[in-house]
1. Among the residues that make up region 47-63, is at least one of them out of contact with any Leu (no Cβ under 8 Å at 6 or more places or on another chain), crowded, with 17+ Cβ neighbours inside 10 Å, in a helix (DSSP H, G or I) and hydroxyl-bearing (Ser, Thr, Tyr)?
2. Among the listed residues 182, 155, 191, 170, identify the single one that is surrounded by fewer than 17 Cβ atoms within 10 Å (Cβ to Cβ), at pLDDT 95 or above and of a type outside the set (A, V, I, L, M).
3. Please indicate, with yes or no, whether at least one residue in region 65-75 is within 20 Å of residue 194 (Cβ to Cβ) and outside any loop (DSSP other than H, G, I, E, B).
4. Kindly provide the set of residues from region 1-44 that are part of a helix (DSSP H, G or I) and in contact with a strand residue (DSSP E or B) (Cβ under 8 Å, 6 or more places away or on another chain), ordered by number.
5. Would you confirm whether or not region 56-72 contains a residue that is more than 24 Å from residue 176 (Cα to Cα), out of contact with any helix residue (DSSP H, G or I) (no Cβ under 7 Å at 6 or more places or on another chain) and of a type in the set (Lys, Arg)?
6. Using the structure shown, decide if residue 73 is over 29 Å from residue 188 (Cβ atoms), crowded, with 17+ Cβ neighbours inside 10 Å and at pLDDT 95 or above.
7. With the condition being farther than 21 Å from residue 47 by Cβ, without any contact (Cβ under 8 Å) to a residue 24 or more places away in the chain and touching an Asp or Glu at 6+ places or on another chain (Cβ under 9 Å), I'd like the helices (runs of 4 or more DSSP H) fully within region 76-180 carrying at least 1 qualifying residues.
8. Hey, could you check region 86-109 for residues that are of a type in the set (Gly, Ala, Ser) and open to solvent by less than 10 Å² (accessible area, probe 1.4 Å) and say which is farthest from residue 55 (Cα to Cα)?
Amino acid sequence: MKILIIGGNGTIGKTVVSHFNEKNEILIAGRTNGDVTVDIADSSSIKSMFEKIGKVDAIICIAGEAKWDDFNKLSEDDYYIGLKSKLMGQVNLVRIGQNYLNSNGSITLSTGILADDPVVKTTSASMVNGGIHSFVQAVALEIENGIRVNVVSSGMVEDAYEKYKEYFPGHNPIPMKKVINGYVRSVNGKGNGEIIRIYD
């Protein structure tokens, strides 16, 4: 398969790329480097990326940002960071990307445990993750051409544990192998509209 991985240079992205690279043709998209550059917060950038690479068999997004801060410190503009990047960025990848997918292709989005089990400072990030979960379940009812859309929602991964452990007291770090399997299930399985939760 020809697979586009947006965010393929990140902590989770590198591991996912390494796995799929064994048997597939991989294209990495990133904001500053990769086979092609893209800013998912900008729909014209998404369109331009697809125009450059043409048709693919699968799209995986492991990108998107949201502001973490105390609820009383978050401004309206702070919320728009997550709404434009992680939420609408991934919605637009589906909206635009469906036109560049071969028949029976798949789109895999990424969220995280905050949708179901938020911690402090994550009102914006949790809201965005929950929105993506609802979007995936709804768009699966309507998307055409045999295309499947799923989302992988992971707990805090092992490789990011040291960086984020203070935010997640008592949470078990998720082995990267389990996280990879979530993406494998979405891409190689037959599920559609699934929230693939990997929380323990």
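The values are calculated or read from the model by the stated rules, or taken from the named source; none is laboratory data. Computed from a prediction, not measured in an experiment: that's the story for all the values here. All Cβ positions, even for glycine, are placed from backbone atoms using ideal geometry, and neighbour counts span all protein chains on display. Side chains included, ligands, DNA and RNA excluded: accessible areas come from the protein's heavy atoms. Shrake-Rupley method; radii C 1.70, N 1.55, O 1.52, S 1.80 Å.
1. No.
2. 191
3. no
4. Hits for region 1-44 are 11, 12, 13, 16, 17, 20.
5. Checked region 56-72: no residue is more than 24 Å from residue 176 (Cα to Cα), out of contact with any helix residue (DSSP H, G or I) (no Cβ under 7 Å at 6 or more places or on another chain) and of a type in the set (Lys, Arg).
6. Answer is no for this residue.
7. 123-139
8. Among those residues, the one meeting the criterion is 89.
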